[in-house]
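Here's the structure we're looking at; comments come further down.
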Amino acid sequence: MYRSPAKTTATLALALGLGPVAASAALPDVDVSGFGTAGFAITDTSKATFVRSQEQPVGVDESGDVGLDSLLAVQATVHLSDRFSATGQAMVRRLFTSGFALDVPVFFAKADLMHDLAVRVGRIQLPVFMSSDYRQVGYSNTWVRPPIEVYGMIPFDTNDGADLLYRTTLGPIDISAQTFYGRTDATTQNTAQNLAGTGGAASQTVTIQARRNWGVNVSLTMGPLTVRAGRNQSSFTSISDSTNQFIAAINAAGFPALATRLNPTNVPFEFTDFGFSFDGTHVTLQGEMVKETIGGFVPSADGEYLLAGYRIRKFTPYAMFARQKVTSARTDTTIPAVGALIPLAQGVNQLINSVGGDQHTTSLGLRWDLHESMDLKLQVDRVSPQGNGLFIYVKPGFHGPVDVASLTLDFVF
Amino acid sequence: MKRLNKIMIGACFLLTLGLNQARAGIVVIVSAQSNARNLSVEQISRIFQGKSNLMTPVDLYRSSRIRHDFYTKVVALDEAKVIAEWSRLVFTGKVQAPKQFASGAEVVEAVAADPTLIGYVDSSFVNMTVKVIYTVK
């Protein structure tokens, strides 16, 4: 992970068939680094699958799977001058597809305007949560994976646009601030089993378009304590054929106001996050509280988690509690459930329950720092969903709690 | 036999002396042109953890004993923790990891040329081009 510019440049020069003189004269410094996780997870149910994030179309069940947490990323930064650089990150993981696939979550040009101020143009990780930027870097986190009750609230996680980064030190306080603007396009699978209009089909493609993403966040660090506040908003659109057809049917049945209210096209999306971390010699604590409001049929929700660990030499046992609570109405009685309208009335209620859900999880884990850039983690989660909660491919007869056991090996290089 | 003992005692003495020198002699340096005043050990620790951007840190290679002693005594964290902290910054693309050098002489050369840099070396490498702002006890 650490830079050794001379060596990298020399290697690059050799690869290009250039001599060492040409290398120092013509080629910019290139840093190559990376991170990864090799993981296996298993649950105790066959009636639903557990996912790491909303974008993941395939989850894990009682047969166990390596696809939930395993990933490999390589990052390269080219230093064009003291002030200008370009960075790209390529990641292989199971995110938008059912198998492992390559995606590029980070790709930007950076200019250091002043010592304290930099601007980046390109794609960055959407910086909404405290650990958004490094949530995929298992080695930099105590947990095996971010709690889905909180980190799974937003169905898109990159921003294409620009951001400004400000860092300064005032006496004992280190300050970091960021503001960004941009847009996001993502394709996910909605796998809620009884999704209205799909006739019970297992999944359908959902296209997410976030426009006019705008946000700001500020972190203050003093000694072992960091506090962070963040706020962001977007104009949010979620498109799928079956949902559009169903909303058209509601309109045709004589409920245009309801059809408009359920339609998730250019609806306001607002997100507020307060977080803190305490990283002492032995004690490590981390927590966040988030509030999300969103329009259309997509539910609004609150989420919180708290993690506490105690480091003893190379071992960090930890415990975490996380929960999500839907704050918007989960039933709608606009369409009277009588006669021929019953299927439509039921469909509306299935639609508004098709994403998000109340759920809480209690986790116990152990992180073992095997080596200076490698750790091994074992984590057991007891996941308690209300109804389907945040599980996908839910079959009849599913109920919680569900136990999930995970083993991961994280590394950076 | 007696002679061997003497050699061994001598070797041990030299080894101890050598280790003591290495341990006692780590200094934190900035360019002679830098207007940085004395930094507290707390500030230096924050700079080398990537928390503070008062100055830009440069490192010795990971295998270096000087580096190990510096992180243990000044940053007061084990290197695994330091790597985890820097990984957070590096993989966001917000901050670059410190440049690494093979020897104290190279650190002195780099620091002398750029008044925003801060490094640590064995005191024997210090020359007129750099100034010592902290001596590791």
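The values are calculated or read from the model by the stated rules, or taken from the named source; none is laboratory data. Only a predicted model underlies this, so the values are computations on that prediction, with no experimental measurement involved. Cβ coordinates were reconstructed from backbone atoms using ideal geometry, including for glycine residues, and neighbour counts include every protein chain displayed. All accessible areas refer to the heavy atoms of the entire protein, side chains included, with ligands and DNA or RNA removed. Shrake-Rupley method; radii C 1.70, N 1.55, O 1.52, S 1.80 Å.
Structure notes:
- Selection of helices (runs of 4 or more DSSP H) fully inside the range B:42-124 by the criterion of at least 2 residues being away from chain A (no Cβ under 12 Å) and of a type in the set (D, E, K, R) returns B:65-70.
- Looking across the range A:272-310, the residues that are crowded, with 20+ Cβ neighbours inside 10 Å, more than 18 Å from the chain's Cα centre (by Cα) and at pLDDT 95 or above come down to A:Ser277, A:Gly309.
- Figure legend. Inter-residue proximity from the range A:320-348: first residues closer than 30 Å to A:Gln379 by Cα, second residues part of a strand (DSSP E or B) and polar (S, T, N, Q), beta-carbon distance below 7 Å, spacing 6+ or different chains. Indicated pairs: A:Met320/A:Ser363; A:Phe321/A:Thr362; A:Ala322/A:Thr361; A:Arg323/A:Gln359; A:Gln324/A:Gln359.
- Any chance A:Thr87 is buried (at least 21 other Cβ atoms within 10 Å of the Cβ) and not aliphatic (A, V, I, L, M): yes
- Total residues in the range A:40-49, condition part of a strand (DSSP E or B) and at pLDDT 95 or above: 4
- Residues located in the range A:311-340, provided they are exposed (fewer than 15 other Cβ atoms within 10 Å of the Cβ) and within 14 Å of another protein chain (Cβ to nearest Cβ): A:Ile312, A:Arg313, A:Lys314, A:Phe315
- The range A:67-96 residues that are over 21 Å from A:Gly138 (Cβ atoms), paired with ones that are open to solvent by 20 Å² or more (accessible area, probe 1.4 Å) and part of a loop (DSSP other than H, G, I, E, B) (beta carbon under 6 Å, 6 or more apart): A:Val78/A:Pro28; A:His79/A:Pro28; A:Leu80/A:Pro28
- For A:Thr226: the one exception among (1) closer than 25 Å to A:Arg167 by Cα; (2) surrounded by fewer than 16 Cβ atoms within 10 Å (Cβ to Cβ): (2)
- A:Val60 under 26 Å from A:Thr187 (Cα atoms) and more than 14 Å from chain B (Cβ to nearest Cβ): yes
- Total residues in the range B:14-39, condition open to solvent by 40 Å² or more (accessible area, probe 1.4 Å) and at pLDDT 90 or above: 2
- Scanning the range A:352-378 for residues being assigned to a loop (DSSP other than H, G, I, E, B), open to solvent by 10 Å² or more (accessible area, probe 1.4 Å) and within 30 Å of A:Thr188 (Cβ to Cβ) gives a total of 5.
- B:Thr72 meets each of the listed conditions (1) of a type in the set (Val, Ile, Thr); (2) without any contact (Cβ under 8 Å) to a residue 24 or more places away in the chain; (3) open to solvent by less than 40 Å² (accessible area, probe 1.4 Å) apart from (3).
- The set of residues from the range A:238-262 being surrounded by fewer than 19 Cβ atoms within 10 Å (Cβ to Cβ) and either β-branched (Val, Ile, Thr) or closer than 20 Å to A:Gln204 by Cα (or both) comprises A:Ile239, A:Asp241, A:Ser242, A:Asn244, A:Gln245, A:Ala248, A:Ala249, A:Thr260.
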